[in-house]
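The values are calculated or read from the model by the stated rules, or taken from the named source; none is laboratory data. Predicted model, so just to flag it, every value in this text is computed and none were measured. For neighbour counting, all protein chains shown are included, and Cβ atoms are generated from backbone atoms with ideal geometry for every residue, glycine included.
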Amino acid sequence: MAYLELNNINKTYGEGENATEVLSDINLSIEEGEFVAIVGFTGSGKTTLVNLINGLLKPSSGEVLFKGEPVVDTSHERGVIFQNYSLLPWLTVGQNVYMAVKEAFPKESKSTLQQRVRDYVDMVSLTPAINKRPKELSGGMRQRVAVARALAMNPEMIIMDEPLGALDALTRGNLQDEILNIWSKDKRTALLITNDVDEGIYMADRIIPLKPGPNATLGPEFKIDIERPRDKTALNDNPNYKKTRNAIIEYLMDIGESRKSVSQEEFVLPEIAPKSFVA
Amino acid sequence: MEQEITLKKESQPLAFLKPLVVKFTPKFQKGDIISSLKKTGITIVSILLFLGLWHLGSKALYNKEAAYKIEKALTEQGQAAADAERACIASGDSSCQPNTLPSPAQVWSSLQALIADHKVITADKAAFVEKMAETNIKLVEQGKDAIVYTGRASFVDIVLTSIKTVFAGFLLALLIAVPIGVIIGLSPSLRSAFNWFIQVFKPVSPVVWYLLVFMIVKTLYIGDSSDNAFVISFISVGLCAMWATLVNTAMGVSSVDKDYINVAKVLKLGTFQKVFKVILPSSLPLIFTGLRITLSVAWMVLIAIELLAQSQGLGLFVWEEFQNGANDSNAKIIVAMFIIGIIGFLLDRLMLTVQNMVSFNKNEGV
Ligand SMILES: Nc1ncnc2c1ncn2[C@@H]1O[C@H](COP(=O)(O)OP(=O)(O)OP(=O)(O)O)[C@@H](O)[C@H]1O
Ligand SMILES: [Mg+2]
């Protein structure tokens, strides 16, 4: 039995005539200790998928199993890095992280928790901004706070919804390594949503594309057979890397093309000849 | 890299003075000075213009009424009476002055008269307290009530009573509206249960609130001879003004950003924590907007309610002066009008400062 299992998941938003099925027939299983990346087009339902896994949303049909148990609620075992940071604007950086660690480690002393806050804020290089409020930070800095907050809770599984999207290349690289470090150190399980194929290849064991919506479903998986620890500079010369990268990009471009033609078809007017009036 | 982290809210008790400090610290930038001079200049010019128009207007009204009086004396009693009337009006004798909109100068002298009166009454009071000190000590020793000064209230006392009433009413509104607003904001079913109630009672006028409170308080105080005018008026003010806070609180609590709720869920905050650490802070700006409206409504309805409740405040003062019809009554009414306006303005500024302090969407202190 896999660590995380999604069986025949469907997710519909809205009811009656307004109902749109965003995700259809999603099947996914992730083993303990694995690092899986999902790449997908914007609006295809990646965040929806993440919220189904972390317990914020319930599937319309199908089941999510975490360690064999159905997911019915959120849990400290599954840490989430939200796409839109979701920091509380009235708290400082330190307070935002502190709130999380206090909930995750209710028995620890205050000073231990504060040290933990400092460690994780330092990890994302935000120590100088620890007493600032989110409004005073740049988008990238906010995203780093969100990373620190999720990782500081020491979750078994890390669920990341485009966590590094707004970062410059250098910080992005550093944080990728930091996340990989934490993941490999205690053998966590990780699910990364990303729109950057290179990031997926650098970090993940498997890349799974999410087809464009509506009715988005998962495409065929691509295994990344590159030994860890991976070296960013050497990666470019790795034949395996080139092959996988090309295969994924080709696939994505293909489904991107088909999306275009599908959306064109949608605008073709149906035949509405008034034959039913006669009959 | 040793960096002190503060996990509590920074304690800057005087942070609210920051805007003032910024305003009054001279910044030597030519553009700033010129623009602020210009602003002050425009304000001064507009005040002068206002006073000028007022002066001319009151003069015209005065002349109109004077001419009518003389004309009336002429037609009813003949030339001699008309001349006497004209002389009387010209002499400034108070018995025959036209009683109309007072001029700025009259209002100014009325203000000074009221202040002088306040000084006299204060001195009176002090003398009385001194005189009665020994007697009162004895009375208290005998277990009787001390004798207190029951003379006329001075204008300053009246203003203070009004302020006291409005703050008591505001506090009552806060204590009722915020908790109820939070509760109905949290529960959609309670919200619909309360909705008709809010919609029906919100538009009720201050006079009717007063009558309602009067009915109830009168019965509660039955057999008690003490003065309940203050109680009646502050309760009426509170009930009349609390609706904005109630509605805003409920709205703020029920419309908390979904992202924050998701954070609370992912961190698995308990209900108490969720309400006090996430929902309330995020609705504070709306709650304070409501409180600001409540305070200004409270001040506005106060005058009418004090009048009805016979509470020794500005409302009653204005009404009594109007009934009184004395020579300087009109001027006193205008003084009261300005005092009411200025205090209302200051109260609103106070709330605005508080509101800016709690609003995390603005840069603090700017
Ligand atoms: N609460 C909701 N109610 C109705 N429709 C929703 C809701 N949330 C998302 N959707 C719709 O579902 C679809 C997928 O949304 P989702 O946020 O999961 O996409 P995404 O892949 O995360 O997009 P992005 O790359 O922009 O983050 C979108 O068409 C969106 O409009
Ligand atoms: Mg998304």
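Among the residues in the stretch A:38-58, are any within 13 Å of ligand 1 (Cβ to nearest atom), outside any helix (DSSP H, G or I) and basic (Lys, Arg)? Among the residues of the stretch A:38-58, at least one is within 13 Å of ligand 1 (Cβ to nearest atom), outside any helix (DSSP H, G or I) and basic (Lys, Arg), which makes the answer yes. Taking the stretch A:98-112 as the search range and keeping residues that are among the hydrophobic types (A, V, I, L, M, F, W, C) and more than 9 Å from chain B (Cβ to nearest Cβ), which one is farthest from A:Leu167 (Cα to Cα)? The extreme case among them is A:Phe105.
If you check A:Val97 against the conditions, is it away from ligand 2 (no atom under 16 Å from the Cβ), among the β-branched types (Val, Ile, Thr) and within 23 Å of the chain's Cα centre (by Cα)? Judged against the criteria, A:Val97 is a match.
Here the stretch B:275-297 is the region considered, the condition is being within 14 Å of chain A (Cβ to nearest Cβ) and among the hydroxyl-bearing types (Ser, Thr, Tyr), and the residue that is surrounded by the most Cβ atoms within 10 Å (Cβ to Cβ) is B:Ser283. For first residues located in the stretch A:59-87 and over 23 Å from A:Trp183 (Cα atoms), partners that are hydrophobic (A, V, I, L, M, F, W, C) and within 16 Å of ligand 1 (Cβ to nearest atom) and lie 6+ apart or on another chain with Cβ distances below 6 Å form the pairs A:Pro59/A:Ile9; A:Pro59/A:Leu52; A:Gly62/A:Ile9.
Every residue, every condition in (1) among the basic types (Lys, Arg); (2) touching a helix residue (DSSP H, G or I) at 6+ places or on another chain (Cβ under 8 Å); (3) assigned by TED's automatic domain parsing to the domain that holds B:Glu306; (4) in a helix (DSSP H, G or I), yes or no:
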{"site": "B:Leu171", "(1), (2), (3), (4)": "no, yes, yes, yes"}
{"site": "B:Val208", "(1), (2), (3), (4)": "no, no, yes, yes"}
{"site": "B:Thr219", "(1), (2), (3), (4)": "no, no, yes, yes"}
{"site": "B:Asp224", "(1), (2), (3), (4)": "no, no, yes, no"}
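Any residue that is away from ligand 1 (no atom under 16 Å from the Cβ), among the aromatic types (Phe, Trp, Tyr) and under 28 Å from A:Glu32 (Cα atoms) - is there at least one of those in the stretch A:78-91? Checking the stretch A:78-91: not a single residue is away from ligand 1 (no atom under 16 Å from the Cβ), among the aromatic types (Phe, Trp, Tyr) and under 28 Å from A:Glu32 (Cα atoms). Checked against (1) within 14 Å of another protein chain (Cβ to nearest Cβ); (2) more than 16 Å from ligand 2 (Cβ to nearest atom), A:Thr48 meets all criteria but (2).
Taking the stretch A:59-80 as the range and being at the interface with another protein chain (Cβ under 10 Å from one of its Cβ atoms) and part of a strand (DSSP E or B) as the test, the residues that pass are A:Arg78, A:Gly79, A:Val80.
Being more than 14 Å from chain A (Cβ to nearest Cβ), buried (at least 20 other Cβ atoms within 10 Å of the Cβ) and acidic (Asp, Glu) is a condition met by no residue of the stretch B:309-320.
The residues of the stretch B:228-267 that are under 22 Å from the mean Cα position of the chain (by Cα) and without any contact (Cβ under 8 Å) to a residue 40 or more places away in the chain, listed by number, are B:Asn228, B:Val231. Going residue by residue through the stretch B:320-330, is there one that turns out to be touching a helix residue (DSSP H, G or I) at 6+ places or on another chain (Cβ under 6 Å) and of a type in the set (A, V, I, L, M, F, W, C)? Scanning the stretch B:320-330, I find no residue that is touching a helix residue (DSSP H, G or I) at 6+ places or on another chain (Cβ under 6 Å) and of a type in the set (A, V, I, L, M, F, W, C), so the answer is no. Suppose the filter is within 16 Å of ligand 1 (Cβ to nearest atom) and crowded, with 17+ Cβ neighbours inside 10 Å; does A:Ala104 pass it? Criteria not met by A:Ala104. Just one of (1) in a strand (DSSP E or B); (2) within 16 Å of ligand 1 (Cβ to nearest atom) fails for A:Asn27. It is (2).
Would it be correct to say that B:Ala264 is surrounded by 18 or more Cβ atoms within 10 Å (Cβ to Cβ), farther than 25 Å from B:Val237 by Cβ and within 14 Å of chain A (Cβ to nearest Cβ)? Yes: the conditions hold for B:Ala264. For the residues A:Glu250, A:Glu221, the requirement of being modelled with pLDDT of 85 or more, acidic (Asp, Glu) and closer than 30 Å to A:Ile182 by Cβ singles out A:Glu221.
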